[in-house]
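Here the structure is laid out as structure tokens; the discussion comes afterwards.
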Amino acid sequence: MSVLLEFSMFPTSTDGRDGASVSKSVSKIIDVIDRSGVSYQLTPMGTVVETSTIREALDIIELAYEQVQDCERVYSSLKFDIRKNTKDRLKTKIASVEKKLNREVSH
């Protein structure tokens with residue numbers, strides 16, 4: 001099974017020293033995801049992780065929250081794409097689209 005989880009998580013207010021930036025908090029989250037060994041891709045609007053179970057994906061969310069739990073308020077948005085009998089979709093989904101684009105461009 002492949003569980004793709006796209007999520008964003010950040011505090012809704014900062015201490016005022018960084019203005020509106022939440023990159024310091026986000027970098028803490030990305031660091032623990034990287035150290036977890038889970039495949040992931042950082043994007044400008046969130047992070048996509050791939051796990052083999054829903055429980056593993058939810059564990060990543062818990063790890064992420066632990067990095068910002070000292071904040072008064074935390075915003076998070078999650079989307080799942082769960083598919084049986086497949087894996088490595090972080091790469092294969094993109095490759096599939098790129099392959100189709102190359103066919104259209106060559107015609």
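Quick test for you: out of Gly16, Gly37, pick the one residue that is surrounded by fewer than 13 Cβ atoms within 10 Å (Cβ to Cβ) and modelled with pLDDT under 95.
That would be Gly16, the only listed residue that is surrounded by fewer than 13 Cβ atoms within 10 Å (Cβ to Cβ) and modelled with pLDDT under 95.
Could you identify the single residue in Glu6, Glu50 that is of a type in the set (Asp, Glu), touching a Gly at 6+ places or on another chain (Cβ under 9 Å) and surrounded by 12 or more Cβ atoms within 10 Å (Cβ to Cβ)?
Testing whether each residue is of a type in the set (Asp, Glu), touching a Gly at 6+ places or on another chain (Cβ under 9 Å) and surrounded by 12 or more Cβ atoms within 10 Å (Cβ to Cβ) leaves just Glu6.
The values are calculated or read from the model by the stated rules, or taken from the named source; none is laboratory data. What you see is a predicted model, and the numbers here were worked out from it, not measured in a lab. Here the Cβ is made from the backbone with ideal geometry for all residues, glycine too, and neighbour counts use every protein chain on show.
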